[in-house]
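Have a look at the structure below, then the notes.
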Amino acid sequence: MSKNTLVVSVVALLLAAVAIVLQFVITTGGGPDSTAQITALTNRVVALEANPATPLKVAYINAEDAFTVFTDAVGDLRQRAIDKQGEIVKLQQQYMASTISKDDFDSQNNQLQVELLQAQLNIDLGTIDKMIASSGFSDMKSDLQRLKDEAQPVVDEMKNLVSTVRVGVIDTTEFQNRYTQVKNAFTQLDQLLTQAATAKIVQAANNVAVDQGYDLVLRTKNVIVYRNTAKMTDITDLVKHELSTYL
């Protein structure tokens, strides 16, 4: 694949990003269900302002922990990436122990790094497939399918790079250039997938908050410095359960 073709692919992924971000806004703030949720929460806050004696019901969520619902859904693919990382560590240990030459290390390390990147790409593609197949992501299905289609050139280039590295007919400069291009494209795809998952985490938190009668839900990371656990409830597990129904 030419450099220009891969660049076009990256641009296409960026365009898909706009669609996902817009979908995020619509999903979390513009749909009929979310409008009802926001209205319910707003009415609750108004009632609290009218009656200061009514205690504010506050909860918090660990979004990173909630995100594991998505990673666990493709646990087999994640394990392959973990195994590949283990192979890289083992190779590095062999080189540090001087049981392998510099040339052999470079050759094997390049192959393992590409195979690891391919394993990570497969994790994202597997997650996208699960989202597309799930009714819980029906509001994002068209955008997710478009994202998958736009990522196909990256998938093809990844396969070509893996094959080339395994044969061993590639110089260092060409390898670094092609690897960097594919890795940058993968990073774009991974960011878009994270945005889609984050949109659903927000949606799940909204549903739990309304159902449980919470007035405010905060995020632990970069938001909460201190919390009185006797007065604030961790709803992470409830949100994870809600998310599991989406997949």
**Request:** Just grab the label-to-label distance for Lys159 and Leu56, each label 7 Å out from Cα along the Cβ direction, in nm (one decimal).
**Result:** 5.5
**Message:** Run the numbers for Gln85 and Lys231: contour at 0.36 nm per residue of separation, minus the present Cα-Cα distance, in nm.
**Reply:** 48.3 nm
**Request:** Would you mind ranking Tyr179, Tyr226 by Cβ crowding within 10 Å, fewest neighbours first?
**Result:** Tyr226, Tyr179
**Item:** Gain upon complete extension [Thr172, His241; 0.36 nm per residue less C-alpha separation]
**Value:** 20.1 nm
**Complete:** The exposure ranking of Val155, Val162, Val114, fewest beta-carbon neighbours within 10 Å first, is Val162, Val155, Val114
**R0 of 35 Å, Cβ-Cβ distance Phe105-Val223: FRET efficiency to nearest 0.05** = 0.20
**Prompt:** Which far-off residues, 5 or more places away or on another chain, put their amide H under 5 Å from the one on Val217, with H placed in the peptide plane?
**Reply:** Ala59
**Prompt:** Where the centre of each part is set by its Cα atoms, how far does segment 194-247 sit from segment 154-169, in angstrom?
**Reply:** 42
**Asked** In units of 2.2 N^0.38 Å, what is the alpha-carbon radius of gyration of segment 79-156?
**Response** 1.53
**Asked** For Glu174, Glu150, Glu115, what ranking results if the residue with the fewest other Cβ atoms within 10 Å of its Cβ goes first?
**Response** Glu174, Glu115, Glu150
**Request:** Would you mind checking which residues have amide H under 5 Å from Asp234's amide H? H placed 1.01 Å from N; only 5 or more apart, or other chain.
**Result:** Tyr60
**Complete:** Here the FRET efficiency for Asp211 versus Gln92, based on Cβ atoms and R0 = 41 Å and rounded to 0.05, is 0.25
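Read-outs throughout are calculated quantities, based only on the coordinates presented, and are distinct from any laboratory measurement. Keep in mind that this is a model prediction, so the values were computed, not measured. Reconstructed Cβ throughout: ideal geometry from the backbone, glycine too, with neighbour counts over all protein chains shown.
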